[in-house]
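Peer 1: Encoded as structure tokens, here's the structure I'll be asking about.
The values are calculated or read from the model by the stated rules, or taken from the named source; none is laboratory data. In this text the structure is predicted, and so the values were computed from the model without any measurement. A quick note on method: Cβ atoms are made from the backbone with ideal geometry, for glycine too, and the neighbour counts reach across all protein chains shown. With ligands, DNA and RNA removed, areas are computed over all heavy atoms of the protein, side chains included. Shrake-Rupley method; radii C 1.70, N 1.55, O 1.52, S 1.80 Å.
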Amino acid sequence: MRTNYFHDIWTVTKFTMRDMLGRKSFRISTIIVLVVIVLGFNVPNIISSFAGDDFDDKILISDPQDVFEGKLGVLNDADLDYKFEIAPQNFEEIKVALENGDISSAIMVEKNDNQVNFTYVVDNIATTDTTTPQILTDMLGSLYTNIKIQNLGLTEKELASVTPTFNTEFKQTDDQNIGGNIMVTMLMSVVLFFAIYFCAYQVSTSITIEKTSKIMETLVTSTSPRTIILGKTIGIGTVGLMQILLFAVTAVVSAKLFLAPELLEALFDLSSFTPLLVVITLAYFILGYFAYALLYALTGSTVSKPEDVQSANTPVAIVTMVGFYLAYFTLTDPTSGLNVFAALLPISSPFCMPLRVMMGLASGWEVVASIGILLVFCFVIAKIAIKIYSSAILNYGAKMTLSDIIKSYREK
């Protein structure tokens, strides 16, 4: 008997997976997302290809009085985002160069007594980034100071004491150390939310469509409602997990192929990703998916028309959003008690606890307690959903009200 039970679940699971993979909308949406991922990581290369060799700003520096003693050329040896052209030109010559697009801007240097004046020349002040002149002025001021100090004939030791290097580091008073890249942390929270939400939502839609096409009548006569709801939940979850893994692999490969190594390292520091974190993230994805999928299966069984699915799913969608935002916004203060609460609360723990683990904030008891609470929550929701599902699944009338749902549960 038990063998037949698992066999029936596997049969429903295979049927659901074939149905999901065979849908044209599913295949098209998957291809679109993959294309968007590849194009997204290619944005810097696309911009660079359109800009060509002139992508870097080319700035003319005119120093006819030789205020910088012929040492302006060192600017091009530095690792800067600008290219410099050193030439003694007057305003009219600079104007022509700007109109021809030979340069993006120019700096005219002039010294009167002990004052050095910088005139920043552009074609239109309204479209100019005001931070650039200040950056260039500070850079030229620093270069001028170094030239004058070197002219004093100081030794290397004396010169080093006058122009020291400055270093900034952070130190916190909180005992808990927070690790991990904050961008990766936030991105991971958003990805988990959309993965769980959309996979679970598919359960509700699938059940309603099958009720409309009368497929459910055939399924119910062949196996039990419990087998149907578990098989469909597992089937859609498996397909969803495969789709997410495909997106993740595509994103990782695209990032390594198309992003510059230094940019990739700065934006996506994956040093916090360990095998333990991967296992914990998958565990929370599966448990979170099951919790919300069972809730959506419940709402899907209470309606008989696909157009009623969205309104029926509104309460569950609100719960999902509350869980996500509770986890997301408490990450701004991950050492707070509210973030610990979000990591233990079953509606928000799938979005919160993996991130606490990645940041090195979660203790062993927190992880065990959170998973235990989530398991109990899934069991309770499954028991309630299956009971109501058994009564509501063959309802082809109007959408069931809350009182109808409670009555069906009590009768079961």
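Peer 1: So which residues in the stretch 64-116 are surrounded by fewer than 15 Cβ atoms within 10 Å (Cβ to Cβ) and of a type in the set (Val, Ile, Thr), if there are any at all?
Peer 2: Those that are surrounded by fewer than 15 Cβ atoms within 10 Å (Cβ to Cβ) and of a type in the set (Val, Ile, Thr): VAL74, VAL96.
Peer 1: Out of (1) at pLDDT below 80; (2) more than 25 Å from THR119 (Cβ to Cβ), what's the single condition that is false for TRP10?
Peer 2: With respect to (1) at pLDDT below 80; (2) more than 25 Å from THR119 (Cβ to Cβ), TRP10 is out only on (1).
Peer 1: List the pairs whose first member sits in the stretch 86-102 and is closer than 14 Å to TYR120 by Cα, whose second member is among the charged types (D, E, K, R) and open to solvent by 80 Å² or more (accessible area, probe 1.4 Å), and whose Cβ atoms are under 8 Å apart, counting only residues at least 6 apart or on separate chains?
Peer 2: Taking only residues 6 or more apart or on different chains, the pairs are LEU98/ASP123.
Peer 1: Search the stretch 338-391 for residues being touching a helix residue (DSSP H, G or I) at 6+ places or on another chain (Cβ under 7 Å) and polar (S, T, N, Q), and hand back the single one that is farthest from LEU294 (Cα to Cα).
Peer 2: So, considering only residues that are touching a helix residue (DSSP H, G or I) at 6+ places or on another chain (Cβ under 7 Å) and polar (S, T, N, Q), the one farthest from LEU294 (Cα to Cα) is ASN339.
Peer 1: Identify, please: which residue in the stretch 143-166 is of a type in the set (Ser, Thr, Tyr) and open to solvent by 60 Å² or more (accessible area, probe 1.4 Å) and is, among those, modelled with the highest pLDDT?
Peer 2: Start the filter on the stretch 143-166 by keeping residues that are of a type in the set (Ser, Thr, Tyr), which leaves 144-145, 155, 161, 163, 165.
Remaining after also requiring open to solvent by 60 Å² or more (accessible area, probe 1.4 Å): 145, 155, 161, 165.
On the way: THR145: 81, THR155: 71, SER161: 72, THR165: 67.
Residue satisfying both the conditions and the ranking: THR145.
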